[in-house]
1. Answer yes or no: is there a residue in the stretch 217-226 that is out of contact with any Pro (no Cβ under 8 Å at 6 or more places or on another chain), buried (at least 22 other Cβ atoms within 10 Å of the Cβ) and touching a residue at least 60 places away in the same chain (Cβ under 8 Å).
2. Tell me, which strands (runs of 3 or more DSSP E) lie completely within the stretch 27-110 with 1 or more residues that are farther than 30 Å from Ser205 by Cα and among the acidic types (Asp, Glu)?
3. Please pick out the residue among Lys130, Lys92 that is outside the structural domain of Leu188 (by TED's automatic domain parsing), of a type outside the set (Val, Ile, Thr) and surrounded by fewer than 17 Cβ atoms within 10 Å (Cβ to Cβ).
4. For the stretch 202-216, enumerate the residues that are within 16 Å of Phe141 (Cα to Cα), in contact with a Leu (Cβ under 8 Å, 6 or more places away or on another chain) and touching a residue at least 60 places away in the same chain (Cβ under 8 Å).
5. Being free of Cβ contacts under 8 Å to residues at least 60 places away in the same chain and under 21 Å from Lys153 (Cβ atoms) is the filter here; which residues of the stretch 184-201 pass it?
6. Would you be able to say whether some residue in the stretch 101-110 is touching a residue at least 40 places away in the same chain (Cβ under 8 Å), polar (S, T, N, Q), surrounded by 15 or more Cβ atoms within 10 Å (Cβ to Cβ) and touching a helix residue (DSSP H, G or I) at 6+ places or on another chain (Cβ under 8 Å)?
7. Tally time: how many residues in the stretch 144-180 are within 25 Å of Ser219 (Cα to Cα), in a loop (DSSP other than H, G, I, E, B) and of a type outside the set (S, T, N, Q)?
8. Every residue in the stretch 23-60 that is within 20 Å of Gly86 (Cα to Cα), charged (D, E, K, R) and surrounded by fewer than 16 Cβ atoms within 10 Å (Cβ to Cβ), please.
Amino acid sequence: MLNIIWKVIALLGLLLLQPALATEPKPDVSLKSKAIETSVTLDEKIKADPPLAADCLTEGKKWMEKNAADAASELKQDPQFFKDGGWTFERKYSVRSMVADRYVSLLREDYMDTRGAHPNSTVDTILWDKEANKRISIRPFFTETADNGPAMKAMLKAVIEALKVEKKKRDASETATAEWFKGLEPKLLKIGSVTLAPSTEAGKSSGLTFYYPPYAVGSYAEGEYVAFVPWQTLKSYFSPEGQRIFAGTRPKANAEDQ
């Protein structure tokens with residue numbers, strides 16, 4: 001009788017696990033060889049927008065092909081290094097916010113395992129304009145975004161302040177120094193990958209969220225960092241479009257999910 005009870009418990013456990021397993025998304029494109037196993041996955045919101053999905057897949061396939069070529073070259077040069085298996089590269093695209101039913105913020109997360117001391121990961125962002133069907137920057141939301149200009153300097157100052165707060169939460173204050181932030185500059189291409197943060201007010205953005213992969217602003221052990229800059233900090237630099245889309249506050253769930 002006891003054996004039957006344990007079998008029933010085990011079966012119930014498997015049934016409870018099945019929905020979680022079923023929700024794991026399958027890659028939208030993949031490639032496997034002796035040298036590498038690599039894939040690209042889009043979330044359902046991206047796939048619902050054909051131009052956006054096509055853009056991500058085009059980029060993702062090029063990324064896969066380059067990594068496959070690099071892995072094949074390494075295998076040819078040093079077959080012994082691959083005796084326990086090939087490289088693993090995974091890329092995932094996901095939607096972080098939709099603002100004004102027009103601006104879509106995406107995260108592009110990469111996982112790379114080349115059989116070194118430990119796997120590596122990185123994160124980047126994409127801002128997509130649904131009306132124009134193309135990638136854009138945050139320039140349209142500000143009156144000026146010149147390198148070393150007032151807006152970019154204010155933005156960088158707010159980013160560093162936010163990073164210091166995050167480091168304090170992780171007991172990583174020893175890396176909250178100018179040395180670790182020297183890679184950040186008051187320039188759009190040097191300040192960090194940015195998205196429009198969602199807002200408690202529908203259709204609006206509560207500010208800017210900057211993403212930093214391991215090693216970017218801290219040690220590998222600290223992992224990825226996310227710095228949130230509320231819109232109020234930068235409102236004096238907003239263009240008319242910026243004034244239109246920024247409002248409200250950052251949802252608690254979004255703040256916890258970083």
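The values are calculated or read from the model by the stated rules, or taken from the named source; none is laboratory data. Keep in mind the model is a prediction, meaning the values are calculated, not measured. FYI the Cβ positions are ideal-geometry reconstructions off the backbone, even for glycines, and counts take in every protein chain you see.
1. yes
2. Ranges flagged: 36-42.
3. Within the list Lys130, Lys92, the selection yields Lys130.
4. Selection gives Ser205, Leu208, Thr209.
5. Selection gives Leu184, Glu185, Pro186, Lys187, Leu188, Leu189, Lys190, Ile191, Gly192.
6. The answer is no, given that none of the residues of the stretch 101-110 is touching a residue at least 40 places away in the same chain (Cβ under 8 Å), polar (S, T, N, Q), surrounded by 15 or more Cβ atoms within 10 Å (Cβ to Cβ) and touching a helix residue (DSSP H, G or I) at 6+ places or on another chain (Cβ under 8 Å).
7. Residues flagged as within 25 Å of Ser219 (Cα to Cα), in a loop (DSSP other than H, G, I, E, B) and of a type outside the set (S, T, N, Q) within the stretch 144-180 amount to 4.
8. Selection gives Lys32, Lys34.
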